[in-house]
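The next block holds one structure in the form of C-alpha cells; read it before the comments.
The values are calculated or read from the model by the stated rules, or taken from the named source; none is laboratory data. All values derive from a computational prediction rather than experimental measurement. Quick reminder, even Gly has a Cβ in these numbers, built from the backbone with ideal geometry, and neighbours come from all protein chains shown. In case anyone asks, the SASA skips ligands and DNA or RNA and just uses the protein heavy atoms, side chains included. Shrake-Rupley method; radii C 1.70, N 1.55, O 1.52, S 1.80 Å.
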Amino acid sequence: MFRRTARTAAARTARTAAALAATAAAATALVLAASTTSTAAVTAPGFLAGTDLPPHPGSAWYAGKVTKGLPEFAPFCVEGVLPATGSWYRDFSTEFDTGAVQVSVRTSSDAAAVKLAAALERKVAACAADWLRKTPGGTASWQDYGKLSVEEGAHVYGVHTSMPESEPGVHLYGIGRDGSTVTIVKWGQMGYLNEAPLPAFKKTTVKAVNKLNP
C-alpha cells in the first residue's frame, strides 16, 4: 500500500514538473514573440541613399541622417496626413535649388498602412486644386504618372505651382507600401512638369519601397 502511494505521488510530481516546464516554455515563447514584434516596431525602415535619387547635372546629392519623427516642416502637399508615431525621415539636398525628402511610417497593421497610403495619394492628387483655392492669382496643375509594380505597390504623381513674378515650382511624389510600412518620397526644384526627371524618379520610388524592409 505504501509503495503504490509513493509511486502515485512520484508520478503526480513528475506530471506537475512537466506541466510547469511547458508553461514556462510557452511564456518564454510569448516573451520572445513580443520582443520581436516590439523590436520590429521601433526599428527604422531602410532609406534611400543620395545616389538613389535622380542624378543632378551640376551637383552631388547630400543625405541627412535618418531621424525619428517628422521633419520640422511637413512635405508640401501632405501637411497634416503623416503621423508622428512610427515615422522616420531623411532630407536630401544639392548645391542648387533641387531637394528631396523621404518619410517612412511603420503602422500598426497592413490595414492601417493601406489607409495611410490612400490618404497620402488623395492629398497629393488634390494638392493643386487646394493650393489654388488658397493662392489667388496662382496657377497649378498635376499629373498622375501611374502605378509601379513593387511589393504591395507604389504610385507616382507630379504637381506644378506658379505665382506671377515668381519662379515656378515642380514636385514629384512617390508613395508606396511594403506590408505595414508606408513611404513617401518628394523631389522638387524650380521648373515645370515636363522638365522633371520622371523615368529616374520612378526608379527612385521602386528603390525606396524595396529598401523599406531589407
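Each residue in region 52-89 was checked for being hydrophobic (A, V, I, L, M, F, W, C) and more than 23 Å from Thr161 (Cα to Cα), and 7 pass. Taken over region 152-201, the residue count meeting the criterion of being in a helix (DSSP H, G or I) and open to solvent by less than 10 Å² (accessible area, probe 1.4 Å) is 1. Quick check on Gly69: is it surrounded by 12 or more Cβ atoms within 10 Å (Cβ to Cβ) and at positive phi? It is true that Gly69 is surrounded by 12 or more Cβ atoms within 10 Å (Cβ to Cβ) and at positive phi.
The requirement of being among the polar types (S, T, N, Q), in a strand (DSSP E or B) and surrounded by fewer than 16 Cβ atoms within 10 Å (Cβ to Cβ) is fulfilled somewhere in region 139-147, by at least one residue. Restricting Leu32, Leu120 to residues that are assigned to a helix (DSSP H, G or I) and either modelled with pLDDT under 95 or loosely packed, with under 12 Cβ neighbours inside 10 Å (or both) narrows the list to Leu32. On the stretch given as region 192-214, residues that are under 25 Å from Val81 (Cβ atoms) and at pLDDT below 95 total 1. Is it the case that region 134-149 has a residue that's in contact (Cβ under 8 Å) with a residue 40 or more places away in the chain and either of a type in the set (Asp, Glu) or closer than 21 Å to Gly46 by Cβ (or both)? Among the residues of region 134-149, at least one is in contact (Cβ under 8 Å) with a residue 40 or more places away in the chain and either of a type in the set (Asp, Glu) or closer than 21 Å to Gly46 by Cβ (or both), which makes the answer yes.
So in region 98-107, with the set limited to residues that are in contact with a Ser or Thr (Cβ under 7 Å, 6 or more places away or on another chain) and open to solvent by 10 Å² or more (accessible area, probe 1.4 Å), which one is farthest from Thr51 (Cα to Cα)?
By that ranking, first place goes to Thr107.
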